[in-house]
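Visitor: Please find one structure pasted underneath; my questions will follow.
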Amino acid sequence: MNKKLSRMLESNLRFYFLCLLAFSIAAFPFNPMLALTEGCITILLFLWNRNSSQKRKKSILQYIDNLTGSVDSANKSTLANSPLPMMVFRPESGEVVWSNEHFMALSGVKEQLFDMRVDDAAPDFSAQWLLEGKSVSPNRVTMNGRQYQVYGNLVRTKDRQSHMVATTYWVDTTDGDQALSQYQMSRPVICILMLDNYDELMKTIPDAQHSALLAQIDEKVNAWVSGTNGMLLKITRDKQLFLFEEQQYEAFVQEKFSLLDAIRDIKSFEGVAPTISIGIGKDFATMAELYRHATLSLEMALSRGGDQAVVRNKVDFAFYGGRAKATEKRTKVKSRVMANALSELIVDAKQVYVMGHAFADMDALGAAAGICCAARKRNKAAFIVMDPERNACKELIERLKECPEYENVFIGAHDAFLRIQPNSLVVVVDTSRPDMVENPDLLGCAGRIAVIDHHRRGALYIDNAALNFHEPYASSAAELVTELLQYLVEPSDVLRAESEALLAGIVLDTKKFTLRTGGRTFDAAAFLRRAGADTTEVQRFFQSELDEMVNRYGIIREAELYRGDIAMAVIEEAGVDRITAAKAADEMLSLRGVRAAFVAYPMEQSILISARSLGEVNVQVVLEVLGGGGNSTTAGAKIDDMGILQVKQELMDAVDRYLEN
Ligand SMILES: Nc1ncnc2c1ncn2[C@@H]1O[C@@H]2COP(=O)(O)O[C@H]3[C@@H](O)[C@H](n4cnc5c(N)ncnc54)O[C@@H]3COP(=O)(O)O[C@H]2[C@H]1O
């Protein structure tokens, strides 16, 4: 080190002295006296320079020595007098090498911790994070009832006993942690409670009993909020605002928002049970944001059929309840308002693109044809975006293509993407999930988006739609579009093929008017009949090939009864067709005693599930946990990254959880 330092400090004058000496020697033959004098002076100068540079080197080395000495002793004193509790130990053996007084004081050890192990001082301390090269402990360490954040570093030693020594610094975070937790626990949560069927209840029960029923409801709500130190405020006749602290929230989750059951259990005098929807906003910074998200959650609860709690936190939506069968709560006024809004959107747009879910079925196509009819009436070009191969309605497509109005109407997803312009309107029918549409990219290119759907809304939905006609009580998207058409066109404007496509959509989703069929479904069917739909023609779309029938019974043969009344057919080999699986699930419901049916089968890289129920078991709730969706009686799911047997197990677990909760 000294040699290196000397070399760095030494100015390299040797070369100059050698040059001067060479000049003196060269001058000697011409002037020996002058050459000798020059030579002597050069040698004297060299000696003087060497002497003085040695003195300088010595004093610099002395200075450096002093400096490192001070740093060393400062280091030692820092270790000993550090205001932070410190402890040095061998991570391999856990043996404590040294600790300062602060550490001893907080660990409660009187003497130096020689011959002691880290576990003796801090039993829940683990050195794994140090061995993994981290410098901060991932969790707080508790010692003598206080919490510490431990920082540290690992040094390799030449010691034979142990190769590593860890130095740790312990920062007491107890007070900070307590303050943070108190702050988090006292964060406000905004909850909006809304009676789903206020108008219906008021209409159906005699006036004299109104106040008794409302008093019963108020009593249940007050009992639910009592003991929470929250604040309950009536905002309208059917809505209340409930403000409470975060620390109460977990209790509501634990008791699964029991208010839902308590309200449903109120026996109204005319047999109409009141139901309530709960929308909660939490984890947002301001009151305005909390309120906005509580409103959004309430909207979500209502759009999923009401009688449930929806919680919107920073990351996601969470759903509770919503297991009761949805009852019709639509109003004709809403349909008229929606029809006017859709008409405006069509008139404003240059072109209209209609798309349903990928692998479109007759409901998606029927609804799309209805929108084309409304656009045609307004002289706007309309296109149906649909994969010509991957769909479940080929015959219906052919039937529509026979009409001159449908020449060039069907286009593929890729063509639509190339043609769409910023002033185009995209109408999404029969789904509201952006990941399920025929071409999700179109949603990003459209000037405006309108969504018409009848499925229960999931956590993922198209949230930037200019128009959202979402009615989970409707039987089908075709029924909703038919209802809009009644305000947008005359029956004579609807092509016969269009009316049959719409009727086929309704027939498919209601299983020939047996499931989810309400008064409005028959109204829509009557309008379609007036528009020329032939029911025997529609029936023709549902005829199946012999092969398909054989395959369907092949699936049913694999069915087993789970828990006595849930039919489950799990097909391990590939080759099952979607429609055949859906029809098999439908048919399994006709077995005596069966309440719900599931068919699981592999398709390409995924496993698909088709689920059907008679209404008592909400199959949408069962499949939602597996990432699926649909309606209470008709649902489906697509599961990636799982084998068929694992899906079977997950499905059984989901059924167990549903039935046991
Ligand atoms: N990956 C996923 N994630 C979330 N939700 C999912 C999903 N896959 C399916 N769903 C939902 O589940 C419902 C049932 O789908 P599934 O394929 O069993 O059954 C479909 C379809 O395969 C079936 N189908 C089509 N053509 C048919 C025909 N000719 N005869 C009988 N059934 C037919 O009718 C049902 C129409 O159901 P709908 O569109 O109302 O509703 C669908 C859809 O909304």
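The values are calculated or read from the model by the stated rules, or taken from the named source; none is laboratory data. What you are looking at is a predicted structure, and each value in this text was computed from that prediction instead of being measured. Glycine also receives a Cβ, built like all others from the backbone with ideal geometry; neighbour counts cover every protein chain displayed. When the accessible area is computed, the model is the full protein with side chains, heavy atoms only, and any ligands, DNA or RNA have been set aside. Shrake-Rupley method; radii C 1.70, N 1.55, O 1.52, S 1.80 Å.
Visitor: For VAL347, all conditions in the list (1) hydrophobic (A, V, I, L, M, F, W, C); (2) open to solvent by 10 Å² or more (accessible area, probe 1.4 Å); (3) under 16 Å from GLU479 (Cβ atoms) hold save one; what is the number of the exception?
Guide: Of the numbered conditions (1) hydrophobic (A, V, I, L, M, F, W, C); (2) open to solvent by 10 Å² or more (accessible area, probe 1.4 Å); (3) under 16 Å from GLU479 (Cβ atoms), the odd one out for VAL347 is (3).
Visitor: ILE452 passes all but one of (1) at pLDDT 95 or above; (2) surrounded by fewer than 16 Cβ atoms within 10 Å (Cβ to Cβ); which number fails?
Guide: All conditions are met except number (2).
Visitor: Could I ask something else about it? Enumerate the strands (runs of 3 or more DSSP E) found wholly within the stretch 174-256, keeping only those where 1 or more residues are in contact with a Gly (Cβ under 9 Å, 6 or more places away or on another chain).
Guide: Of the strands (runs of 3 or more DSSP E) lying wholly inside the stretch 174-256, those with at least 1 residues that are in contact with a Gly (Cβ under 9 Å, 6 or more places away or on another chain) span 188-195, 239-245.
Visitor: Continuing with this model, one more query. So, ASP493, is that one among the acidic types (Asp, Glu) and either within 16 Å of the ligand (Cβ to nearest atom) or under 27 Å from the mean Cα position of the chain (by Cα) (or both) or not?
Guide: No.
Visitor: Here is a further query. In the list THR482, THR431, which residue meets the criterion of being β-branched (Val, Ile, Thr), buried (at least 24 other Cβ atoms within 10 Å of the Cβ) and touching a strand residue (DSSP E or B) at 6+ places or on another chain (Cβ under 6 Å)?
Guide: THR431
So that you can scan it fast, the table gives a plain yes or no per residue for (1) among the aliphatic types (A, V, I, L, M); (2) without any contact (Cβ under 8 Å) to a residue 40 or more places away in the chain; (3) farther than 25 Å from GLU624 by Cβ:
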residue	(1), (2), (3)
ALA533	yes, yes, yes
GLN539	no, yes, yes
VAL576	yes, yes, no
GLU587	no, yes, no
ALA597	yes, yes, no
ALA600	yes, no, no
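Visitor: List the residue pairs whose Cβ atoms are under 9 Å apart, where the first residue sits in the stretch 290-301 and is under 19 Å from GLY458 (Cβ atoms), the second is in a helix (DSSP H, G or I) and among the polar types (S, T, N, Q), and the two are 6 or more positions apart or on different chains.
Guide: Here the result reads none, with nothing in the stretch 290-301 linked to a residue that is in a helix (DSSP H, G or I) and among the polar types (S, T, N, Q).
Visitor: Considering each residue of the stretch 631-641, count those that are modelled with pLDDT under 95 and crowded, with 21+ Cβ neighbours inside 10 Å, and give that number.
Guide: The qualifying residues number 4.
Visitor: Can you tell me which residue within the stretch 628-661, out of those that are charged (D, E, K, R) and outside any helix (DSSP H, G or I), is farthest from MET588 (Cα to Cα)?
Guide: Out of the qualifying residues, it is ASP641.
Visitor: Go through the stretch 363-381 residue by residue and tally those that are surrounded by 14 or more Cβ atoms within 10 Å (Cβ to Cβ) and either within 14 Å of the ligand (Cβ to nearest atom) or over 17 Å from ALA478 (Cα atoms) (or both).
Guide: Selection size over the stretch 363-381: 11.
Visitor: Would you tally the residues in the stretch 369-412 being touching a strand residue (DSSP E or B) at 6+ places or on another chain (Cβ under 6 Å) and small (Gly, Ala, Ser)?
Guide: 3
Visitor: Sort through GLY554, GLY519, GLY575 and tell me the only one that's among the small types (Gly, Ala, Ser), exposed (fewer than 14 other Cβ atoms within 10 Å of the Cβ) and either farther than 30 Å from VAL489 by Cβ or outside the structural domain of VAL481 (by TED's automatic domain parsing) (or both).
Guide: Of GLY554, GLY519, GLY575, the one residue that is among the small types (Gly, Ala, Ser), exposed (fewer than 14 other Cβ atoms within 10 Å of the Cβ) and either farther than 30 Å from VAL489 by Cβ or outside the structural domain of VAL481 (by TED's automatic domain parsing) (or both) is GLY575.
Visitor: Quick check on this structure: which one of LEU623, LEU608 is touching a strand residue (DSSP E or B) at 6+ places or on another chain (Cβ under 6 Å), within 13 Å of the ligand (Cβ to nearest atom), within 21 Å of ASP430 (Cβ to Cβ) and in a strand (DSSP E or B)?
Guide: Answer to the check: LEU608.
Visitor: Is the stretch 497-515 home to any residue that is of a type in the set (Lys, Arg) and more than 16 Å from the ligand (Cβ to nearest atom)?
Guide: no
Visitor: Looking at the structure I just gave you, is LEU528 of a type in the set (A, V, I, L, M), touching a strand residue (DSSP E or B) at 6+ places or on another chain (Cβ under 7 Å) and touching a residue at least 24 places away in the same chain (Cβ under 8 Å)?
Guide: It is false that LEU528 is of a type in the set (A, V, I, L, M), touching a strand residue (DSSP E or B) at 6+ places or on another chain (Cβ under 7 Å) and touching a residue at least 24 places away in the same chain (Cβ under 8 Å).
Visitor: Looking for something hydroxyl-bearing (Ser, Thr, Tyr) and farther than 19 Å from GLN308 by Cα - is there at least one such residue anywhere in the stretch 224-234?
Guide: Yes, there is a match, as at least one residue in the stretch 224-234 is hydroxyl-bearing (Ser, Thr, Tyr) and farther than 19 Å from GLN308 by Cα.
Visitor: A follow-up question, please. Go through GLY630, GLY615 for me and flag whichever is under 15 Å from LYS511 (Cβ atoms), more than 13 Å from the ligand (Cβ to nearest atom) and within 34 Å of the chain's Cα centre (by Cα).
Guide: GLY615
Visitor: Considering only residues that are away from the ligand (no atom under 14 Å from the Cβ) and open to solvent by 50 Å² or more (accessible area, probe 1.4 Å), which ones fall in the stretch 591-605?
Guide: Of everything in the stretch 591-605, those that are away from the ligand (no atom under 14 Å from the Cβ) and open to solvent by 50 Å² or more (accessible area, probe 1.4 Å) turn out to be LEU591, ARG592, GLY593, ARG595.
Visitor: Kindly check whether there is at least one residue in the stretch 388-409 that is within 16 Å of the ligand (Cβ to nearest atom), among the charged types (D, E, K, R) and not in a helix (DSSP H, G or I).
Guide: Looking for residues that are within 16 Å of the ligand (Cβ to nearest atom), among the charged types (D, E, K, R) and not in a helix (DSSP H, G or I), one finds at least one in the stretch 388-409, hence yes.
Visitor: Sort out which residues of the stretch 257-304 are open to solvent by 10 Å² or more (accessible area, probe 1.4 Å), hydroxyl-bearing (Ser, Thr, Tyr) and in contact with a Gly (Cβ under 6 Å, 6 or more places away or on another chain), and write them in order of number.
Guide: Selection gives THR275 alone.
Visitor: Can you tell me which of GLU573, GLU560 is of a type in the set (Asp, Glu), farther than 23 Å from MET362 by Cα, in contact with a strand residue (DSSP E or B) (Cβ under 7 Å, 6 or more places away or on another chain) and more than 14 Å from the ligand (Cβ to nearest atom)?
Guide: After ruling out the rest, the residue left standing is GLU560.
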